[in-house]
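Data first, discussion second: the structure below is written as structure tokens.
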Amino acid sequence: MHRRILGGTGISVSEYAFGAMMLGAWGNPSHEEGVRMVHAALDGGINFVDTADMYSDGESERIIGKALRGRRDDVVLASKAHFPMGPDENHSGNSRRWLVRALEGSLRRLDTDYLDLYQIHRPDHATDIDETLSVLSDFVRAGKVRAIGHSVFPAEQIVEAQWVAERRGHVRFRSEQPPYSIFNRAIEGAVLPTAQRYGLGVLTWSPLASGWLSGRYVEPGDVDLTKGRQAVQAHKFDPSLPGNAAKFAALGELRKLAAELGRPMSHLALAFVLSHPAVTSAIIGPRTPAQLTDLLEGADLRLDGAALDRIDEIVPPGVDLNRLEADYVPPALADKSLRRR
């Protein structure tokens, strides 16, 4: 497993990060199997583990805490805060009031006294970025956090946060965590170049495009909209939607390329993400030990220029095949009251 430096921090992280979203009720409810999977990932060369307080309502963090007992010093551990952790509106967001409590909760569940990377899970239009950076800087200066990052920040908010940190004397963000895959390439236009401009590490999630690039889907009949993720997020899977129909068309060509390389689709998908010079690590989120084994076997694949050119022909650079999949919609678009006098 190759290593890269996280955003100029000097912290060496594996090219694959173990994403723990599927540990717990959302995916694999067995704590024992979850612990074994984390250990297998570490034994396979991964040293970077990423979770969040809201994954299975804190259960993911508790499983990670169990798995890292006795191995904590060898692991770069990251978590996130922002999403609701209870019915009270103040139990969410990026305010000082909430983040102080959120970090305390994460450290307790993870059974550690510090995080290597603490990330803001989404932008918060109700909280001044100066307020957020102020409390995050306090965490770093208190030794509770080594570095800070954000997730799914648009390019303009990345720039604003960097300027505010410089002008106000705050610790600056060192990483961005966006979705990125062959089917979701919009961040290539502004987010990735902006991250490079400011020296941010980029930790990409959903490299398999919610399972589309795992090899599971071949034809529309393979999609079952009555259960699981397909039912909950039908907009990402419904074959009748043009964006999803485009995915099936692209899959046919990608399968040909994977076959020529002698690799499964999942390996092609991860190698594509890691080929971008802005990307530090690709977050893998296996639900089962078998999935983890398959993904680890692809860590050695490197795509040459010809293969990347083929992918560009199948899915053009900077394009999201299904625009309905956006995981963050700016308030100016999501809230119609902001567009009305």
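Would you mind telling me the share, in percent, of accessible area of segment 1-124 contributed by carbon and sulfur at probe 1.4 angstrom? That share works out to 46 percent. Relative contact order of segment 130-185, taken over Cα pairs closer than 8 Å and 6 or more residues apart, is 43 percent. When the chain is described by a simple charge dipole with +1 on each Lys and Arg Cβ and -1 on each Asp and Glu Cβ, the residue from Leu296, His150, Pro179 located farthest towards its positive end is His150. Helix 242-261 and the longest principal axis of the Cα set of the chain meet at an angle near 70°.
Applying a 10 Å radius around every beta-carbon, put 49-57, 295-303 in order of their mean neighbour count, most first.
Numbers: 49-57: 22.9, 295-303: 17.2.
In descending order of packing, they fall as 49-57, 295-303.
Summing +1 for each Lys or Arg and -1 for each Asp or Glu among the other residues whose beta-carbon sits under 11 angstrom from that of Pro123 gives -2.
If you take every DSSP beta bridge whose two residues both sit in segment 76-223, what share of them, in percent to the nearest 5, is antiparallel?
Restricted to segment 76-223, the bridges split so that about 5 percent are antiparallel.
Between Arg96 and Arg36, the distance separating the two model label sites (each 7 Å from Cα on the Cα→Cβ line) works out to 4.8 nm. Gap in Å between the Cα centre of segment 81-136 and the Cα centre of segment 262-297? Rounded to whole Å, the Cα centres lie 29 Å apart.
If I histogram all Cα-Cα distances within segment 241-341 using bins 10 Å wide from 0, what percent of pairs lands in each bin? Histogram of Cα-Cα distances, whole percents per bin: 12, 35, 34, 12, 6, 1. Against the main long axis of the alpha-carbon atoms of the chain, helix 265-274 sits at an angle near 50°.
Give me the percent of accessible area attributable to carbon and sulfur for segment 153-222, probe 1.4 angstrom. Using a 1.4 Å probe with all protein chains present, segment 153-222 comes out at 49 percent carbon and sulfur. For segment 218-267, trypsin sites (Lys or Arg not before Pro) are listed when DSSP marks them as loop and at most 10 other Cβ atoms sit within 10 Å of their Cβ; the list is Lys227.
Counting only alpha carbon atoms, the long axis of helix 129-141 and the longest principal axis of the chain meet at about 80°.
Dimensions of segment 20-149 from C-alpha coordinates, computed as largest minus smallest value along each principal axis and given longest first, are 41, 31, 20 Å.
Less than 12 Å Cβ to Cβ from Gln230, Lys/Arg counted +1 and Asp/Glu -1: what total charge do the surrounding residues give?
That works out to +1.
Placing a label point 7 Å from the Cα of Arg72 along the Cα-to-Cβ direction, the residues of segment 134-169 whose backbone N falls under 13 Å from that point are 144-145. Taking label points 7 Å from Cα along the Cα-to-Cβ direction, Arg229 and Met1 give a separation of 2.1 nm. Excluding ligands, DNA and RNA, the accessible surface per residue across the chain is 44 Å² with a 1.4 Å probe.
For Cα pairs less than 8 Å apart in space and 6+ apart in sequence, what is the mean separation divided by the residue count of the chain, i.e. the relative contact order in percent?
18
Beta bridges assigned by DSSP with both partners in the chain are antiparallel in approximately 15 percent of cases.
The values are calculated or read from the model by the stated rules, or taken from the named source; none is laboratory data. Please read all numbers here as calculations on a predicted model, not as lab measurements. No Cβ is skipped: glycine too gets one built from the backbone with ideal geometry, and neighbour counts run over all protein chains shown. Heads up: the accessible areas ignore ligands, DNA and RNA and are worked out on the full protein's heavy atoms, side chains in. Shrake-Rupley method; radii C 1.70, N 1.55, O 1.52, S 1.80 Å.
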